[in-house]
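My structure is below; once you've seen it, I'll send some questions.
The values are calculated or read from the model by the stated rules, or taken from the named source; none is laboratory data. All values reported here derive from a predicted model rather than from experimental measurement. Note: ideal-geometry Cβ built from the backbone for every residue, glycine included; neighbour counts use all protein chains shown.
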Amino acid sequence: MYLIIGSDGEIGRALAAGFRAAGMPVLCTTRRTISAPGWIHLDLANIPAGWAPPAGTQAACITAAVARLAACEADPDGAARVNVGGTIALAERLTALGIYTLFLSTNQVFDGTVPNVPADAPLCPVSIYGQQKARTETALRAMMARGAPVGILRLSKVVSPNMQLFTSWRDSLMDGMSVRAFADMTFAPVPAAVVTAAIAAMMHAKAAMVGQLTGPRDITYLEAARHIALRHVTDPALVLACSAQALGLAAGSIPKHTTLNSGFLANTWKIIVPDALQVIDGVIGPVA
């Protein structure tokens, strides 16, 4: 049995669907009150004292997090109860029972000043979210050093099929309407299906290591929008540049680079992220 902590989120939903499609037995958790087959209640902000994983659990993946940078900045203590305290406590319970536990982290544990950061580079987060993930990573790496069955997988921006931002741009542009896109915010997108493959590989191997998975290069959201315009034979002049910095976003929201060195996953399991524009093509679908 594979336990997915936090299946309400985008990654958790995609992971559960991918595992089920592959015939892998899955049990999902949610912080919502729910009574449905295959789901159990678990809130990382308030884990019951007697909570234990279901019998037969072989491996778990912690996808649950307060992931929005603005939310972490607005309520750092509340976010830390989930991102740090609850996550570490859960990992300790699971690994003490010999259950391999994979923690999903982020490129936000680095400051984004250089591309393709190696997995063993010193952590240097800017955002509160990144700082909290870094604190949890530090605790889990100490557990790993003591022989605990725990792994870490750092991810950049994960995109799902028919992602609303890109499909809404496509639809507006095809209707002759203008769209605005950030010229100063970059991303190195990873398809949700590739993320699922990486998680499955690490969980199956019970890999006690730090893995990284990002696209091979960063592009701006402006580049992405103009690509969509050209792909659908609309006027790229309909794509208007705007500034993320001008919006006063949370600290760490606009790193120059989001890429991490993903060579280990590529060399070990042939898990390779396509170029950013290919990823976007997979989201918006074929040209009509």
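So which residues in region 109-123 are over 12 Å from GLU137 (Cα atoms) and in contact with a Ser or Thr (Cβ under 8 Å, 6 or more places away or on another chain), if there are any at all?
The answer is GLY112, PRO115, ASN116, VAL117.
Report the residue count in region 153-171 for those that are in contact (Cβ under 8 Å) with a residue 40 or more places away in the chain and more than 12 Å from the chain's Cα centre (by Cα).
Of the residues in region 153-171, 7 are in contact (Cβ under 8 Å) with a residue 40 or more places away in the chain and more than 12 Å from the chain's Cα centre (by Cα).
Within the bounds of region 33-40, is there any residue that is touching an Asp or Glu at 6+ places or on another chain (Cβ under 8 Å) and either assigned by TED's automatic domain parsing to the domain that holds ALA91 or surrounded by 14 or more Cβ atoms within 10 Å (Cβ to Cβ) (or both)?
no
Can we say ASP175 is without any contact (Cβ under 8 Å) to a residue 40 or more places away in the chain and of a type in the set (D, E, K, R)?
The answer is yes for ASP175.
Moving on. Looking at region 169-288, what helices (runs of 4 or more DSSP H) fall wholly within it and have at least 2 residues that are under 26 Å from LEU140 (Cα atoms)?
Fully inside region 169-288 and qualifying: 192-205, 263-269.
Could you tell me which residue of region 114-152 is surrounded by the most Cβ atoms within 10 Å (Cβ to Cβ), considering only residues that are in contact (Cβ under 8 Å) with a residue 60 or more places away in the chain and among the hydroxyl-bearing types (Ser, Thr, Tyr)?
Only one residue fits best here, namely TYR129.
Same structure, new question: Could you tell me how many of the residues in region 265-288 are on the phi < 0 side of the Ramachandran plot and either modelled with pLDDT under 95 or surrounded by fewer than 19 Cβ atoms within 10 Å (Cβ to Cβ) (or both)?
Residues flagged as on the phi < 0 side of the Ramachandran plot and either modelled with pLDDT under 95 or surrounded by fewer than 19 Cβ atoms within 10 Å (Cβ to Cβ) (or both) within region 265-288 amount to 16.
So, in region 86-141, exactly how many residues are of a type in the set (A, V, I, L, M), in a loop (DSSP other than H, G, I, E, B) and out of contact with any strand residue (DSSP E or B) (no Cβ under 7 Å at 6 or more places or on another chain)?
5
Condition first: part of a strand (DSSP E or B) and hydroxyl-bearing (Ser, Thr, Tyr). Can you find one or more residues in region 24-35 that meet it?
yes
Continuing with the same structure: Of all residues in region 44-89, how many are free of Cβ contacts under 8 Å to residues at least 40 places away in the same chain and under 13 Å from ILE5 (Cα atoms)?
1
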